[in-house]
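Below is one structure, written out as structure tokens; comments come after it.
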Amino acid sequence: MAFRHIRRSLSIELIKKNRMSKPYPYTRSDSSRSEAQLSLENILQGATPGAVSAHSRAILEPSVKPRDAKPRLLLMGLRRSGKSSIASVVFHKMPPNETLFLESTTRIQKDSIHSFMDFQVWDFPGQLEYLEPSFDLEDIFGSLGALVWVIDAQDDYLDSVARLNRTILTVQQYYPGINIEVFIHKVDALSEEYRQDAYQDIVQRITDELNDCGYENAPVHFYLTSIYDYSVFEAFSKVIQKLIPNLSTLENLITTLGNNCGFEKTYLFDVLSKIYIASDTRPVDMASYEMCSDYIDVIVDISELYSWDHPLRKAKGEQMQEAESHVVLHDDTMLHLMEMNKYLCLVSVIRNPEAREKKGLIDMNCRTFQEALNDVFSRSWEREEDQTT
Ligand SMILES: Nc1nc2c(ncn2[C@@H]2O[C@H](COP(=O)(O)OP(=O)(O)OP(=O)(O)O)[C@@H](O)[C@H]2O)c(=O)[nH]1
């Protein structure tokens, strides 16, 4: 559990603390990772590489058990476009610069992600010809949540765009509802002007082709991404959000909470991956998202440092199981964090001085939100397990 080491509520007043300015969200090597982080990673079940070849369809077994009927995210694109790097950085907390040493994927890598929602991430080798008749489209695209197509924007992308167009046209015929998410990737090394040009050009080429073939409203979305900043987390947040049932209910709940407590912006984070699964309906600004995301790291680190069982330490009264914390930054912005359950935590940005003073109100409203969230969004099999025990 994310903050299970925290036995009591933390309240940290870091008056002169500058915004955390780590270049990347994960900058430490494996050996220096905290127990808390490792325990987070243990939630993930490791990759179970399927022995896929063009002639071996058996590995792409259709899902039969209800537990296996999870939405699937397919990572596709040409070789070296950055698919495995994205999966490793977002879901395995790999420091971005370590992706330089990733080897080319030769088989479909299947990751089962067990979190607030179960889903699978399939990383396809760039060279795999999945549109050939030897592959069963139903096995690949059947229970698909989204197809994430990664285009290396630093490279000549025309081949990739042509291949994506072929894939979309095939998939659209049989599975018109599938979300196609195009990551225009590795934009970190590009100038702002070149980024925008590449973006416009790629969008144009794909929409023109789809329009010519009669798919005017195909569900294709575009993102500029890089593993060296938060853009890939932001993009994945948007991709995952489309798979969440009742997202608008969740957003409305968060908006009501924010209005009642005077929050400027609130995010509901998946602690493991630090993608946000919902936020209030105000526009997202990257600076606040980054700040909140960094704050989760800070709290995980602090909980690791100070939550060990001390024989002489006695609890004073009843203790909350969930972590709760707030911090005031140098510009008087307050960040408030509250753990919601095993997987999710709520992080809010508070700039209104009056709102900052009403800590009791904030706590009470966040608890009410927590109860509503856990009632509505607890995972069905956990409820079943609870009933059987
Ligand atoms: N500059 C930059 N490099 C990146 C980024 N993402 C990935 N890379 C680099 O791109 C190279 C290829 O990345 P991979 O993740 O192995 O690519 P892949 O698409 O999985 O490749 P295949 O397994 O061959 O299909 C690695 O050296 C990464 O470090 C990014 O956002 N920016």
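The values are calculated or read from the model by the stated rules, or taken from the named source; none is laboratory data. All values reported here derive from a predicted model rather than from experimental measurement. Don't worry about glycine lacking a Cβ; one is built from the backbone with ideal geometry, like all the others, and counts go over all protein chains shown. Surface accessibility is based on the protein's heavy atoms, side chains included, excluding ligands, DNA and RNA. Shrake-Rupley method; radii C 1.70, N 1.55, O 1.52, S 1.80 Å.
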Task: Accessible area of the stretch 155-272 belonging to carbon and sulfur atoms, whole % at 1.4 Å probe - done: 45 percent
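Please state the shape class of the stretch 70-183: rounded when a/c is under 1.5, otherwise prolate if a/b exceeds b/c and oblate if not, all from the C-alpha gyration tensor. Walk me through the numbers on the way to the answer.
Working: a/c = 1.75, a/b = 1.16, b/c = 1.51.
Note, shape of the stretch 70-183 comes out oblate.
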Task: Pairs beyond 31 Å (Cα-Cα), from K70/K342; K93/K359; K93/K316; K238/K316 - done: K93/K359; K93/K316; K238/K316
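On alpha-carbon atoms, Rg over Rh for the stretch 116-233 using Kirkwood Rh? Show your work: numbers first, answer last.
Working: Rg = 14.7 Å, Rh = 15.3 Å.
My calculation of the ratio gives 0.96.
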TODO: Sketch the reach of a paramagnetic label on C213 as a point 7 Å from Cα along Cα-to-Cβ, and name the residues of the stretch 158-190 whose backbone nitrogen lies under 11 Å away.
DONE: 162-174
Task: Local net charge near A153, Cβ-Cβ under 12 Å (Lys/Arg +1, Asp/Glu -1) - done: -4
Task: Gained length - K238 relative to T106, 0.36 nm times residue gap less alpha-carbon distance - done: 44.7 nm
Task: Accessible-area order (highest first, 1.4 angstrom probe) of the listed residues E216, E129 - done: E216, E129
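If we count every other residue with Cβ under 11 angstrom of R282's Cβ, Lys/Arg +1 and Asp/Glu -1, where does the sum land? Don't skip to the end; give the middle numbers.
Values: positive: K265; negative: E251, E264, D280, D285.
Residues close to R282 contribute a combined charge of -3.
Starting from the Cα-Cα distance between N374 and D188, subtract it from 0.36 nm times their residue separation and give me the gain in nm to one decimal.
63.1 nm
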Task: Overall Cα dimensions of the stretch 193-346 - principal axes, largest extent first, Å - done: 73, 33, 30
